[in-house]
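Working notes for the structure below.
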Amino acid sequence: MSADASLVARVERIVDATPIHDIHTHLYDPAFGSLLLWGIDDLLVYHYLVSEAFRHLDVGYDRFWSADKVTQAAWIWDALFVRHSPVSEACRGVLTALHMLGIEPRKGDLPSIRKWFAAQNAISHVDRVLALANVSTVCMTNSPFDDEERPGWEAGFDRDPRFVAALRIDPLLLSWPSATNQLRAQGYGVTPGRTTANASEVRRFLSDWTRRIDSRYCMVSLPPDFAYPADTDAAWLIDHAVLPHAREHGQGFALMMGVKRAVNPALKLAGDGVGRSDLVALQNLCAANPDNRFLATCLSRENQHELVVLARKFRNLHPFGCWWFTNTPQLVAEITSMRLELLGTSFTPQHSDARVLDQLLYKWSHARRIVARCLADRHADLAASGWESTDGEIARDARELLGGSCAAFLAGG
Ligand code: RAT
Ligand code: ZN
């Protein structure tokens, strides 16, 4: 049942007032300096916009990638905001972010918007964005395989408690033979084979990094053909290193399923696609490893219903987020309603996946609105069944949906 306007307004007010724990982003602790992206040019060269802009640009791939960021941003602005209406979700997002910062892009031009950002101080901009978005913590994506990021962790720094860490291990699971070179370079005695000695060295690597970054969970993105169990390096490493490590350290294992990397390599980061995953792999993981906790999100719309049903069967599975190509208002509403109807509040409807700080503003204001409407509809149905919910009960739902349920799940509660 659709909630009436007053119930929607009440739930929106409560959801807006609830601080968010954003469980997956690509943001960095401000101590990482230029790795923490913010400002109009980074907003415009976001890979979601790059792929949309190329549908209009007459610039070739090579010319685009050899241009500097400011030029690329100007091309994208012209293609997506000036020559066409910015109606896509990613374009609207730039406008929402600017609007929330008090910038009215209709009245300004790109140079004046740039001037506004150039006058900001990075640290106070972080404070302002987190406050405006009402986000209390953001979980980073931290890769020991990233040459730009790793030295920061190795040198050590004073952590900003608002930026919590998660250990990302794609190269380890998806390109094990070449990952062995990187592990060896970091002092772990591994060889390309699947040996007991290798498994224990990988566990040592995972333990060291988990402690170093104070990781909340360990995470991987997977192609649609991921299989488990299987005679693959990935399945072997999961069984012999990742899951035993996760059990020992009380860490969840997050799977982002269904990404086809480099469908169009000329688009670089913007060139990845989607494929339907075989969720039997996830079912087998959950069934065979009841003492492990799995977070999962699927990129394909076609996988969403099956994921929710699996979570009803396995208490060690926590669905999260409407990721990337599913982060559009229509799909977020569809997926969130389905999850609420089948799982109650024991899931996490959204994570921002922000790569640019200012994106928190739009990703969360857009998501909050949809989550609030879906939740209001559920409470309207309850009222029709004679169950009038109190503000306190709705606030409890909002806390669970905006990070609380995930934290309890990861804590084993
Ligand atoms: O959403 C994104 O920005 C993608 O490029 C991916 O990074 C994805 O979120 C991931 O974590 O693999
Ligand atoms: Zn991501």
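The values are calculated or read from the model by the stated rules, or taken from the named source; none is laboratory data. Since the model is a prediction, treat every value here as computed from it, not as a measurement. Ideal geometry is used to build each Cβ from the backbone, glycine not excepted, and the neighbour counts take in all protein chains shown.
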Hits in the range 334-357 (condition: within 16 Å of ligand 2 (Cβ to nearest atom) and of a type in the set (D, E, K, R)): Asp353, Arg355
Give the residue that is nearest to ligand 2 (Cβ to nearest atom), with candidates limited to residues of the range 321-333 that are within 21 Å of Ala407 (Cα to Cα) and touching a residue at least 60 places away in the same chain (Cβ under 8 Å). Trp323
Out of Ala281, Ala241, Ala235, Ala246, report the one residue that is more than 16 Å from ligand 1 (Cβ to nearest atom), assigned to a helix (DSSP H, G or I), at negative phi and touching a Pro at 6+ places or on another chain (Cβ under 6 Å). Ala235
Answer residue from the range 338-383, given it is among the acidic types (Asp, Glu) and assigned to a helix (DSSP H, G or I) and is farthest from the chain's Cα centre (by Cα) among those: Asp381
Output for the range 185-198, where each listed residue is surrounded by 19 or more Cβ atoms within 10 Å (Cβ to Cβ) and among the aliphatic types (A, V, I, L, M): Val190
Looking only at the range 72-91, count every residue that is part of a helix (DSSP H, G or I) and exposed (fewer than 15 other Cβ atoms within 10 Å of the Cβ) and tell me the total. 1
So which of Ala227, Ala246, Ala235, Ala241 is free of Cβ contacts under 8 Å to residues at least 12 places away in the same chain, of a type in the set (Gly, Ala, Ser) and either more than 16 Å from ligand 2 (Cβ to nearest atom) or farther than 23 Å from Leu299 by Cβ (or both)? Ala235
Just one listed residue, out of Pro229, Pro244, Pro177, is in contact with a helix residue (DSSP H, G or I) (Cβ under 8 Å, 6 or more places away or on another chain), assigned by TED's automatic domain parsing to the domain that holds Ala288 and over 30 Å from Gly403 (Cβ atoms), and it is Pro229
Within the range 154-183, which residues are part of a helix (DSSP H, G or I) and closer than 22 Å to Arg216 by Cα? Glu154, Ala155, Asp170, Pro171, Leu172, Leu173, Leu174, Leu183
Of the conditions (1) of a type in the set (D, E, K, R); (2) within 16 Å of ligand 1 (Cβ to nearest atom); (3) within 15 Å of Ile14 (Cβ to Cβ), the single one that Arg399 does not satisfy is (2)
Check on Val59, aliphatic (A, V, I, L, M), within 16 Å of ligand 1 (Cβ to nearest atom), modelled with pLDDT of 95 or more and in the same structural domain as Ala354 (by TED's automatic domain parsing): no
How about the range 99-122: which of its residues are in a loop (DSSP other than H, G, I, E, B) and of a type in the set (D, E, K, R)? Glu104, Arg106, Lys107, Asp109
I need the full set of residues from the range 53-64 which are in contact (Cβ under 8 Å) with a residue 24 or more places away in the chain and in contact with a helix residue (DSSP H, G or I) (Cβ under 6 Å, 6 or more places away or on another chain), in order please. Ala53, His56, Tyr61
